[in-house]
1. Confirm whether L301 is on the phi < 0 side of the Ramachandran plot and open to solvent by less than 10 Å² (accessible area, probe 1.4 Å).
2. Give L272, L282 a once-over and let me know the one that is surrounded by fewer than 21 Cβ atoms within 10 Å (Cβ to Cβ) and in contact with a strand residue (DSSP E or B) (Cβ under 6 Å, 6 or more places away or on another chain).
3. Within the range 329-355, work out how many residues are open to solvent by 50 Å² or more (accessible area, probe 1.4 Å), under 11 Å from I255 (Cα atoms) and under 29 Å from the mean Cα position of the chain (by Cα).
4. In a loop (DSSP other than H, G, I, E, B), in contact (Cβ under 8 Å) with a residue 24 or more places away in the chain and crowded, with 18+ Cβ neighbours inside 10 Å - does that describe any residue in the range 384-403?
5. Enumerate the strands (runs of 3 or more DSSP E) found wholly within the range 426-498, keeping only those where 1 or more residues are of a type in the set (D, E, K, R), more than 16 Å from ligand 2 (Cβ to nearest atom) and free of Cβ contacts under 8 Å to residues at least 40 places away in the same chain.
6. Checking L70 against (1) of a type outside the set (S, T, Y); (2) at pLDDT below 95; (3) surrounded by 15 or more Cβ atoms within 10 Å (Cβ to Cβ), only one condition comes out false. Which one?
7. List pairs: first in the range 168-186 and part of a strand (DSSP E or B), second β-branched (V, I, T) and within 13 Å of ligand 1 (Cβ to nearest atom), Cβ under 6 Å, 6+ apart or cross-chain?
8. Among the numbered criteria (1) crowded, with 19+ Cβ neighbours inside 10 Å; (2) away from ligand 3 (no atom under 16 Å from the Cβ), which single criterion is violated by R199?
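The values are calculated or read from the model by the stated rules, or taken from the named source; none is laboratory data. Just so it is clear, the model here is predicted, and its values are computed rather than measured. Virtual Cβ from ideal backbone geometry, glycine too; neighbours counted across all protein chains shown. Surface areas here come from the heavy atoms of the whole protein model, side chains and all, with no ligands, DNA or RNA. Shrake-Rupley method; radii C 1.70, N 1.55, O 1.52, S 1.80 Å.
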Amino acid sequence: MNRRNFIFSGIGLGILPILNVPAWAAIDHSAHGAHGADAMPQNLKTVADMPLLAVSALPAGRPHQPLSILKNTSVQPKQFTATLTAAAHDVELVAGQKTPMWLYNGQVPGPLIEAFEGDEVEIRFVNQLAQASTIHWHGLPVPPEQDGNPHDAVPAGGEHVYRFKLPKDSAGTYWYHPHPHGDTPEQVYRGLAGLFIVRSKNDPLKAFAEQHLVISDLKLDANAQIPDNTANDWMNGREGQFVLVNGQREPVITIAGRQRLRIWNACSARYLRLNMGQPFTLVGTDGGLIEKPQIMDEFLLVPGQRIEILVGNGKPASMTLKALIYNREKMGKVAPEVDRTLATLQFTAGLMPEIPQKLRKIADFGRATAMKKVEFSETMSMDNGVHTMAFLVNGKSFDMNRHDLISKVNEVEVWEIFNNSHMDHPFHIHGTQFIVIDSTFNKQRTNAPYRALHDTINLRPYETIRIKTVQQDIGLRMFHCHILEHEGQGMMAQLLVK
Ligand code: C2O
Ligand code: CU
Ligand code: CU
């Protein structure tokens, strides 16, 4: 039984009174998956809502800390060799208190792997956790058997060597995190996630100094412990009271002149509508540089996504990097959305390299000769007086033993992804990048405003997005909602590439 539905037992409120979204009223419960004896839901580890540690308990306003870099132990050219060990560590986040976390090499966030296009990567993964895990290379074009699929679990106490080559034109901003069956949300919210940058020898933005901002959130109870998910976390995705940048609360980032920032949304579920009080220039997305720089005032960075931006206009100023209110249509009784301060940006005088007007040519993959349809949906049902909620792809909950879709290797495809639900969900697919063709929202069709490579894209309620993509390796790929609690509850499916 692979289904892991969330059961709303013991919440006390009952589900209906806490839902104020009319779309639910129209759901025909009898037509959907979470029903009957063959689909008895399995309870998930859940705790009741509890008092949380005051946000002021974590120090703020300290200088921004650079990421720790994973040392390459190889002396061979074009070879990157290193070890990542996942283990439990007690971390002193709050003075005088120990917070047990699960970390890669003891680091918050996990170390940054920096390698070049053409490099052979060999990462030995040592799993010292008390449960099975994998390392998934989010966004990287690595062969399926090296991509940390849930099927290739590394048992507690086990080891595994991941090997892959970074192809040409793969320069970009990626990350890695566990992807075991069912336990991904917990392993990530306890601290397991790290960063991966692929560099190119002819980077058109070489002249810019670079800084890295990994945004994650953290939930701590009144005793500075990381609590299990609550019912609300399983429904809406977990959001902690702390939003951290490189593991720090509201650091001060000094930016001399004009610089390149790489920003990761490594949160389980938090949407980041980024704004810094002055325009910035978007130069890259998930899969590396875009074709032409785009000047913007804000960018909605959803869980799993990354961007590269150029910031600084030469005038000294102190600005606040914020995540502005974004309504992603959460369910139930949730705290009102507020603008969140992420960091202080201290702009100072410095080098102002010219921004190239052309960054890269992104091919459109050619003519598509196949088409796929994906539908995200949510259902709620009553089983034996217990309310059960399910998050589905094409009407089904994830099953490791089912191939949901089949593609031919190297065949260009259009995927039409429909969010048939009242809440936003970020779609993510493994092993490849895609370009967005258009979006249909409220009956309005809009073409993608610029050509960019993505592996994760947000879908607003009832939005349809068409993407063009191709899979270059034979094997099994996952695609899923990157709100990790939704993925963990089954909003994931499998693509078999033959
Ligand atoms: Cu970052 Cu399958 O996910
Ligand atoms: Cu991924
Ligand atoms: Cu979702």
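1. yes
2. Values: L272 fails: surrounded by fewer than 21 Cβ atoms within 10 Å (Cβ to Cβ).
Being surrounded by fewer than 21 Cβ atoms within 10 Å (Cβ to Cβ) and in contact with a strand residue (DSSP E or B) (Cβ under 6 Å, 6 or more places away or on another chain) holds for just one of L272, L282, which is L282.
3. 1
4. Here is the first cut: in the range 384-403, the ones in a loop (DSSP other than H, G, I, E, B) are 384-385, 394-395, 397-403.
Within this subset, residues satisfying the condition of being in contact (Cβ under 8 Å) with a residue 24 or more places away in the chain are 394-395, 397-403.
Right, trim to crowded, with 18+ Cβ neighbours inside 10 Å and you get 397-398.
Yes: the range 384-403 contains one or more residues that are in a loop (DSSP other than H, G, I, E, B), in contact (Cβ under 8 Å) with a residue 24 or more places away in the chain and crowded, with 18+ Cβ neighbours inside 10 Å.
5. Here the list reads 434-441, 444-447.
6. With respect to (1) of a type outside the set (S, T, Y); (2) at pLDDT below 95; (3) surrounded by 15 or more Cβ atoms within 10 Å (Cβ to Cβ), L70 is out only on (2).
7. Filtered contacts from the range 168-186: Y176/I135; H177/V188.
8. (1)
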